[in-house]
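Note sheet for the following structure.
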Amino acid sequence: MQSLIRYTVTYLPGIPNFSPDLPGEVLLMGSQWGYDRTHIRAKHEGYRSRAAYKLLEIQHKFAVIRPDDNIVDLGAAPGSWLQVERTLTNGRAVGVDLNPIAPLEGVETIEGDLNDPEVQEKVRSMLGVVNVVVCDAAPRLSGQKSYDQARIIELNEQALLFAVKVLKQGGNFVVKSFQGTDFPDLYALTKEHFFSVKTFITRSTRKGSTELYIIAKNFKG
């Protein structure tokens with residue numbers, strides 16, 4: 001019989017909208033069994049990684065992508081979010097990554113740095129109007145908690161700055177981050193640019209992870 005492990009979701013102080021869509025205590029499958037099953041399911045269903053299910057959860061709860069939206073996906077390799085995005089919109093989806101992304105029907109890709117003004121300009125010229133920016137990227141971790149947290153927040157801020165530069169007024173932004181001492185500042189910075197900002201922990205997130213997503217809607221422009 002499959003075992004169940006009980007854990008407590010950690011709520012972040014000073015962030016009133018924190019809503020993982022789970023009760024304070026929830027029951028999840030044991031982490032290793034759950035990881036294997038999700039990984040196998042992703043491969044069986046043709047997704048390039050288990051991360052696809054995280055975007056599906058976010059879309060189901062927050063409807064960040066509308067049927068005609070143009071989407072920019074930052075740090076898009078290997079492309080699992082692009083696979084989902086192309087099923088959610090009749091608009092265009094563009095993936096940006098430092099590494100090459102294997103071709104996917106129905107999406108376009110740019111190999112480059114999201115901080116490069118030429119990349120930002122190329123995105124604008126390709127799409128014209130950008131309705132949604134998403135970023136599921138994370139830097140390589142060293143194992144030093146404070147150093148890794150600083151690098152993660154730096155990447156989050158770069159993605160936010162990219163979104164602020166290219167988004168249409170009323171657009172949406174989703175970024176993966178991690179709980180830590182620097183996170184409330186990132187949250188507050190995001191609130192300066194969007195009318196609605198919430199946090200969300202997906203059910204696909206591995207047990208014990210501090211991973212969470214910022215869901216920012218209705219860009220102030």
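Please treat every number below as a calculation from the coordinates, not as lab data. Source: prediction; values computed, not measured. Please note: Cβ atoms are built from the backbone with ideal geometry, for glycine as well, and neighbour counts cover all protein chains shown.
Annotations for the structure displayed:
- Summed over region 181-200, the residues that are surrounded by fewer than 14 Cβ atoms within 10 Å (Cβ to Cβ), farther than 18 Å from ARG151 by Cβ and not acidic (Asp, Glu) give a count of 3.
One line per residue, one yes/no per condition, for (1) small (Gly, Ala, Ser); (2) in a loop (DSSP other than H, G, I, E, B):
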site: PRO67; (1), (2): no, yes
site: THR87; (1), (2): no, no
site: GLY91; (1), (2): yes, yes
site: ILE110; (1), (2): no, no
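- Enumeration of residues in region 96-124 that are under 19 Å from the mean Cα position of the chain (by Cα), farther than 23 Å from VAL84 by Cβ and without any contact (Cβ under 8 Å) to a residue 24 or more places away in the chain: ASP113
- Taken over region 179-202, the criterion of being in contact with a helix residue (DSSP H, G or I) (Cβ under 6 Å, 6 or more places away or on another chain) and touching a residue at least 60 places away in the same chain (Cβ under 8 Å) is satisfied by VAL197, THR202.
- Options LEU104, LEU74: the member that is of a type in the set (A, V, I, L, M, F, W, C) and under 21 Å from VAL129 (Cα atoms): LEU74
- Check on SER204, of a type in the set (Gly, Ala, Ser), crowded, with 16+ Cβ neighbours inside 10 Å and more than 11 Å from the chain's Cα centre (by Cα): yes
- In region 125-139, the condition of being exposed (fewer than 15 other Cβ atoms within 10 Å of the Cβ), without any contact (Cβ under 8 Å) to a residue 60 or more places away in the chain and under 16 Å from the mean Cα position of the chain (by Cα) is met by at least one residue.
- For ARG66: the one exception among (1) more than 21 Å from LYS168 (Cβ to Cβ); (2) among the charged types (D, E, K, R); (3) more than 15 Å from the chain's Cα centre (by Cα): (1)
- Given (1) within 24 Å of SER80 (Cβ to Cβ); (2) in contact (Cβ under 8 Å) with a residue 24 or more places away in the chain, number of the condition ARG151 does not satisfy: (2)
- Residues that are of a type in the set (S, T, N, Q) and within 19 Å of ARG124 (Cα to Cα), drawn from region 52-108: ASN70, THR89, ASN90
- Within region 114-141, if we keep just the residues that are touching a Lys or Arg at 6+ places or on another chain (Cβ under 8 Å) and in a helix (DSSP H, G or I), the residue that is farthest from THR190 (Cα to Cα) turns out to be MET126.
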